[in-house]
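Asks: Here it is, the structure, as structure tokens.
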Amino acid sequence: MMELGYLNQGQPSRGTTPLVTLPLLLSTLVFFSTFTHAFSSSVFPELNPIKPRHSRLLRSAVQRETPTSQLSELWSPLESQGWKPYVESNKPTLPEKSEGYIQVFLDGGLNQQKMGICDAVAVAKILNATLVIPYLELNPVWRDSSSFMDIFDVDHFIDVLKDDISIVKELPKEFAWSTREYYGLAIRETRIKAAPVHASAYWYLENVLPVLQSYGIAAISPFSHRLSFDNLPVDIQHLRCKVNFQALTFVSHIRTLGDALISRLRYPQGSAEEMGFNYLQEVTGAGARKNAGKFVVLHLRFDKDMAAHSACDFGGGKAEKLALAKYRQVIWQGRVLNSQFTDEELRSQGRCPMTPEEVGLLLAAMGFDNSTRLYLASHKVYGGEARISTLRELFPRMEDKKSLASSEERSEIKGKASLLAALDYYVGLHSDIFISASPGNMHNALVGHRTYLNLKTIRPNMALMGQLFLNKTIEWSEFQDAVVEGHQNRQGEPRLRKPKQSIYTYPAPDCMCQA
């Protein structure tokens, strides 16, 4: 820190107070003022005013009028695509003898953990092993310590899969030593640490089965993405689908609160605080009401990680660019290849996440008017309310967890990222239309689940939108026509899974059959 000069340019004698020259004092104050402003601007760019990047389009979008016929078409359910969920023709049989206990330790967020759980069941089936309810690692980003039983209905999970594999909630006493802490202290013979990404069924039979047979237990960590999507027996693929779409349901208080939010979106009432705490009665009574409204769930996915990793410019000025560059360097240490491209190149390739303003313009161009009920499913948005203000201007009836549920109702999930994400997932699954601003785990999981259920889901054409937003002279009518045309076949139609693609994002044909 800068030292203050003394009037006599020497060390002050004991018991005297140093005197500071007025010019030096003023210059010092200016320095600290500038430093403080620069620091707050770079670390907290949301403090800076964020101006709309597409003012011309925004002015036209605010004044838009959508014909009734277009609105009716927008809200109409997705027509049958000739696919339906696969239904087992024969009851599965449980192996007579278990080879031992399988433990898995899962990291990542909610949707990454869901995929890991599905894969863990499949691996247990491949090995004729008993699965221990998966252990969810403490999330290093959100600091969420929620367990499997905090998020998922464990009894339902075990019951749905009881004829496929054996599942236990905890290990018997003779294996009680096999804990996360035990494996963190030293190399252990019962831990499989070298499972390759997208390992085959054969790899597990060759490398994990011998450990099971020798010790009666095997712990696989890390486990995320440790089972191939290809070249697996059909019954194993079907089992993964069964876990994802049938066995994994959220705990009852998530489902009940989710139903209450859905009811309030369909039947608008008073404020969240006025609605009180008895939302179970409210949901029960909602079934008797008529004229249910429709709503869209928008997953913004515009947090600081996403913004920094993309290496794109989001209009926050030099302070924001500097903050994101510093964050990118600290977190990824130069491993973000996107930063080698210009902003124009990244946008034209569809590699820039859409801002709340841009996804609002996309929805407005597709025909959603300012009476649309919009539910915002997101964690903290980078840039705060200033970044969301233009979206709110386009859709004044926008809601989220805080506006729809009282603080009492949210008390069980407050500060728990996995439970907050679970609530958003539940509401998103039951919405009339779902749209995610950028691809990611939540997007992939919900796109797959809604495809499985034949529900309307808008997949933004990122390359098209990037190119349209680069055109600073485009008129609203031209922009609107291009958006509508570019999204005609991106509203939930099943896309057949290609090799190496996720079975959970592309459920056809592994989880579905042609009607």
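The values are calculated or read from the model by the stated rules, or taken from the named source; none is laboratory data. What you see is a predicted model, and the numbers here were worked out from it, not measured in a lab. Cβ: placed from backbone, ideal geometry, glycine included. Neighbour counts: every protein chain shown. For the accessible areas, the whole protein counts, side chains as well, though only heavy atoms, and no ligand, DNA or RNA atoms are used. Shrake-Rupley method; radii C 1.70, N 1.55, O 1.52, S 1.80 Å.
Asks: Once you sort the root eigenvalues of the Cα gyration tensor of the range 439-515 as a ≥ b ≥ c, which label holds: rounded (a/c under 1.5), prolate (a/b larger than b/c) or oblate (the other case)?
Replies: Details: a/c = 3.04, a/b = 2.26, b/c = 1.35.
Cα axes put the range 439-515 in the prolate bin.
Asks: Between Asp303 and residues 5 or more places away or on another chain, which pairs have amide H atoms under 5 Å apart, with H built 1.01 Å from N, and which residues are they?
Replies: Under 5 Å from the amide H of Asp303 lie the amide H atoms of Tyr382, each far enough along the sequence or on another chain.
Asks: If you don't mind, another one. In the chain, which cysteines lack any other cysteine Cβ under 4.7 Å from their own?
Replies: Cysteines lacking a close Cβ partner in the chain: Cys118, Cys513.
Asks: Now for a different question. Quote the relative contact order of the range 99-245 in percent (integer), defining contacts as alpha-carbon pairs under 8 Å separated by 6+ residues. The partial results should precede the final answer.
Replies: Details: 213 pairs, mean separation 55.7, N = 147.
After rounding, I find 38 percent.
Asks: With θ taken as phi - 60° and the coefficients 6.51, -1.76 and 1.60, list the Karplus ³J(HN,Hα) couplings across the range 56-71 in order, rounded to whole Hz; mark glycine and proline as x.
Replies: For the range 56-71, the Karplus-derived couplings read 5, 5, 5, 4, 5, 5, 4, 8, 5, 9, 9, x, 4, 5, 5, 5 Hz, x marking Gly and Pro.
Asks: Within 10 Å, count the other beta carbons around each residue, average over each peptide in 477-490, 236-249, and list them highest first.
Replies: On the way: 477-490: 15.1, 236-249: 20.1.
Going by the mean number of other Cβ atoms within 10 Å, highest first, we get 236-249, 477-490.
Asks: If you take Rg and Dmax of the Cα atoms in Å from the coordinates, which of (i) 22.9, 73; (ii) 27.0, 96; (iii) 28.3, 120 do you get?
Replies: (ii)
Asks: Under a 1.4 Å probe, what is the accessible area of the chain per residue, stated in Å²?
Replies: Numbers: 25560 Å² over 515 residues.
Ligands and nucleic acids excluded, the figure is 50 Å² per residue.
Asks: With the crude spin-label approximation of a point 7 Å out along Cα→Cβ, what separation in nm comes out for Glu478 versus Ser389?
Replies: 3.0
Asks: Mind ordering 418-424, 103-109 by average Cβ neighbours within 10 Å, highest first? Can you show the working numbers first?
Replies: Values: 418-424: 23.1, 103-109: 21.0.
Top to bottom by mean Cβ count within 10 Å: 418-424, 103-109.
Asks: Once both labels are modelled 7 Å past Cα along the beta-carbon direction, what's the Tyr267-Gln514 spacing in nm?
Replies: A separation of 4.3 nm, rounded to one decimal place.
Asks: Here is a follow-up. Obtain the nm distance between the two label points defined at Val234 and Glu344 by a simple spin-label model: each point lies 7 Å from its Cα along the Cα-to-C-beta direction.
Replies: With each label point 7 Å from Cα toward Cβ, the separation is 5.3 nm.
Asks: Then there's this: Expressed as a rounded percentage, what relative contact order does the chain have, with Cα pairs under 8 Å and six or more residues apart?
Replies: Values: 777 pairs, mean separation 107.4, N = 515.
This gives 21 percent for the chain.
Asks: Give the long-range amide H neighbours of Trp83: residues separated by 5 or more places, or on another chain, with amide H under 5 Å away, using H modelled in the peptide plane at 1.01 Å from N.
Replies: It is Ala515, by chain and number.
Asks: Now for a separate question. In terms of modelled amide H atoms, which long-range or inter-chain residues lie less than 5 Å from the amide H of Met512?
Replies: Residues meeting the criterion, in which the H sits 1.01 Å from N, are Tyr86.
Asks: State the percentage of accessible surface on the chain attributable to carbon and sulfur atoms; use a 1.4 Å probe and exclude ligands, DNA and RNA. All intermediate terms of the calculation are to be shown ahead of the outcome.
Replies: Working: 13660 of 25560 Å².
Accessible surface attributable to carbon and sulfur in the chain totals 53 percent.
Asks: Let a ≥ b ≥ c be the square roots of the eigenvalues of the Cα gyration tensor of the range 152-251; is it rounded (a/c under 1.5), or, if not, prolate (a/b larger than b/c) or oblate? Spell out each step's value before the answer.
Replies: Values: a/c = 1.87, a/b = 1.21, b/c = 1.54.
The shape class here is oblate.
Asks: I need the peptides 367-379, 329-341 ranked by packing, meaning the mean over residues of other C-beta atoms within 10 angstrom, with the highest value on top.
Replies: Details: 367-379: 20.4, 329-341: 12.2.
Sorting 367-379, 329-341 by mean packing, highest first, produces 367-379, 329-341.
Asks: Follow-up question, since we're still on this one. So what J values fall out for the range 248-258 if you push phi through Karplus, 6.51 cos²θ - 1.76 cosθ + 1.60 with θ = phi - 60°, rounded to Hz, Gly and Pro as x?
Replies: Per-residue couplings from phi come out as 8, 10, 6, 4, 4, 6, 6, 5, 5, 5, x Hz.
Asks: Here is a follow-up. Take the alpha-carbon centre of the range 469-498, take the same for the range 439-461, and report the distance between them in whole Å.
Replies: 17
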